[in-house]
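The values are calculated or read from the model by the stated rules, or taken from the named source; none is laboratory data. What you see is a predicted model; the values in this text were computed from it and never measured. Backbone-built Cβ (ideal geometry, glycine too); neighbour counts: all protein chains shown.
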């Protein structure tokens, strides 16, 4: 069952995205960091699986991992841009514009900054 459904899982997405989104000057370092994060996540799942099944049961453990997978799928569908058949230069420009226009990166004037201005 696992071998037949493996191509339909999210397992391959990090490797595809990592090969496309980093600029050439940082691709090696960023790919190494991403691979380390991926293997660390695999280690956490492997180390926590047996203790989780003993503590809360097999069905609840699979339910939790299933919910995490659905949340990851929704994240990928919403936030990962389509880069099929785009040259790397276009992908870089698209990602630069996306980060420049992102509200997350903008400096906000929160309560701490307002109190310092007074």
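In segment 36-49, the residues that are at pLDDT 85 or above reach residues that are surrounded by 11 or more Cβ atoms within 10 Å (Cβ to Cβ) with C-beta atoms within less than 7 angstrom, at least six apart or across chains, in these pairs: 49/61.
Pairs meeting the criteria (first residue in segment 84-101 and closer than 13 Å to residue 21 by Cβ, second residue modelled with pLDDT of 70 or more and assigned to a helix (DSSP H, G or I), beta carbons under 8 Å, at least 6 apart or on different chains) are 86/94; 88/20; 91/20; 91/21; 95/21. Of the residues examined, residue 24 is one that is assigned to a loop (DSSP other than H, G, I, E, B) and exposed (fewer than 11 other Cβ atoms within 10 Å of the Cβ).
If we scan segment 60-78, do we find a residue that is in a loop (DSSP other than H, G, I, E, B) and over 15 Å from the mean Cα position of the chain (by Cα)? Within segment 60-78 (the criterion being in a loop (DSSP other than H, G, I, E, B) and over 15 Å from the mean Cα position of the chain (by Cα)), the answer is no, since none of the residues qualifies.
What number of residues within segment 16-29 are farther than 19 Å from residue 76 by Cα and either in contact with a helix residue (DSSP H, G or I) (Cβ under 7 Å, 6 or more places away or on another chain) or in contact (Cβ under 8 Å) with a residue 60 or more places away in the chain (or both)? If you could, list the steps in order and put the result at the bottom.
Within segment 16-29, the first condition is being farther than 19 Å from residue 76 by Cα, and the residues that meet it are 23-29.
Filter once more, so that each one left must be either in contact with a helix residue (DSSP H, G or I) (Cβ under 7 Å, 6 or more places away or on another chain) or in contact (Cβ under 8 Å) with a residue 60 or more places away in the chain (or both): 23-24.
Within segment 16-29, residues that are farther than 19 Å from residue 76 by Cα and either in contact with a helix residue (DSSP H, G or I) (Cβ under 7 Å, 6 or more places away or on another chain) or in contact (Cβ under 8 Å) with a residue 60 or more places away in the chain (or both) number 2.
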